[in-house]
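Written out below as structure tokens is the structure these notes cover.
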Amino acid sequence: MIAGQADDTPADVGSPTAKSEPQKPSVRSRWLLLPVIGVVSLVVFVSLMELAARLLFTETSLAANVCLVLDDPSHVVKARPNCACRLKTLESGWVEYHFNDRGHRSNSNYQPKAPGTYRIIMIGSSMAEGYTVPLDESFAGRLPALLEKETGKPVEVYDEGLESSAALNTDKRFGEALAADPDLILWPVTPWDVLHATDDLPKDPAGAGASAVGRPAKRQGLLARVKTELTRKRDIVGGLRDHFRSFFMLQHFLYRSPSIYLAHTINGTDEYTPSIEARPDAEWERRLHLLDLATADMATRARKAGVPFVVMALPRHAQAVMIASGSWPAQLDPFAFGNQVKAIVEKNGGTYIDILSDFRHIPDVHSGFYPVDQHLEPAGQIMFAQIMAKELVNGSVPSLRAVTDPELNPHDGARKGGAE
């Protein structure tokens, strides 16, 4: 080799001093990595979406409702007297609930009825209570002014409705209504009252539940219990909503469309579907039997006290939308629940007043309900109050008939300007 000339001889590849080039990932490893990246990205996206949903949609826990008594030894759901609490559902604002000295939702303690005042006692569950809105914005709070305008006499609505008080529990508390010196007792019944009627039945210590007439049922064998569990109707959508706030958020925004709402709420897994079926299944019939038992007892006690006992079937969100649109699937009947309740009430001597027909052709009835929650928004409370007032004074209750002659003084029956 000539001195000073560079050595261009390639280094021995086996030499320890040789530098190896970095190896590129194989095609196979790249394909294996892609699904991992996709799954991680999906988990991050869903987690962020869940976090956003929990920040946007907040609610108070059941424990925050310190006024509601669910574990009373008498097995009666009731409210603590002289109690106040502040609650919020996922779609509502913050609402103050005040319960008076008798444990009823009121801004003042119970007072004896003023002379000449027509007192209506409203009983029932959360819809009657005015859940999710201030008391004066509920249909119970709005009814007095509407009824006074129609009848020309002072009207008071004393609200004894209470959340979690299904049909049998309402019957257990019926003595409170009779003790409040009523001129009329009004029970707005919802499908919830029927579906949850079994909540108030005595439970079998062996875990077998209770029979339709309130007696402990015979304990099922293992195979029978497995069959019951496998064939039990499950609310799949409700389960997803309860466990994933992001799923609730999607529902909230999508359900603002009436067509999307109906398409996704009227399905085989919805536990309320039997209430709008012309021929409900055996389980719904069993629950209707419990409604019959409660209605029979209350109607009998009201009749003995000489107090009109009036029942109205209130529609769920889907029912109201179908009735207003005039269109529904062939296998469903949005008036079925009203027919079920009407037959029970009239059989037991009560007065049934239909309000479902009044929802025909109501514009934008969909907006009266929260998109997901079945309770009423303030606009819906106004809508229901107007419909209920209209039907209460139509003559079904003689003592609450509307004044049709403007010259008639409703207080003394004499015409203005002197005696006849």
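Structure summary
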| item | result |
| --- | --- |
| Separation of the LEU178 and SER367 label points, Cα + 7 Å toward Cβ, nm | 4.5 |
| Rel. contact order, % - alpha carbon contacts under 8 angstrom, at least six apart, segment 34-123 | 18 |
| P(r) tail fraction, segment 321-374 - alpha-carbon pairs more than 18 Å apart, % | 46 |
| Principal axis dimensions, largest first and in whole angstrom, of segment 273-312 by Cα | 36, 17, 10 |
| Taking only Cα atoms of segment 260-334, radius of gyration then Dmax in Å | 15.7, 49 |
| Efficiency of FRET between SER399 and LYS347 - r from beta-carbon atoms, R0 25 angstrom, step 0.05 | 0.60 |
| 12 Å beta-carbon shell around GLY349, net charge (K/R +1, D/E -1) | +2 |
| Base-10 log of normalised Debye intensity for segment 286-370 (one unit scatterer per alpha-carbon) at q = 0.15 Å⁻¹ | -0.63 |
| Segment 126-193: Rg to Rh, with Rh as the Kirkwood radius over Cα pairs | 0.98 |
| Segment 102-165 pair-distance distribution - Cα-Cα, 10 Å bins, rounded % | 21, 54, 23, 2 |
| Residue-count net charge about ASN339 - beta-carbon cut-off 10 Å; Lys, Arg +1, Asp, Glu -1 | -1 |
| R0 of 41 Å, Cβ-Cβ distance SER41-ASP199: FRET efficiency to nearest 0.05 | 0.40 |
| Segment 245-390: proportion of alpha-carbon pairs further apart than 22 angstrom, % | 46 |
| Filter on LYS304/LYS347; LYS78/LYS172; LYS172/LYS304; LYS342/LYS390; LYS149/LYS390; LYS153/LYS347 - keep pairs with C-alpha separation over 20 Å | LYS153/LYS347 |
| Qualifying trypsin sites (Lys or Arg not before Pro) for segment 305-385 [loop in DSSP, other Cβ within 10 Å: at most 13] | ARG360 |
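Read the figures in this text as sums done on the coordinates, not as results from a lab. Computed from a prediction, not measured in an experiment: that's the story for all the values here. Glycine also receives a Cβ, built like all others from the backbone with ideal geometry; neighbour counts cover every protein chain displayed.
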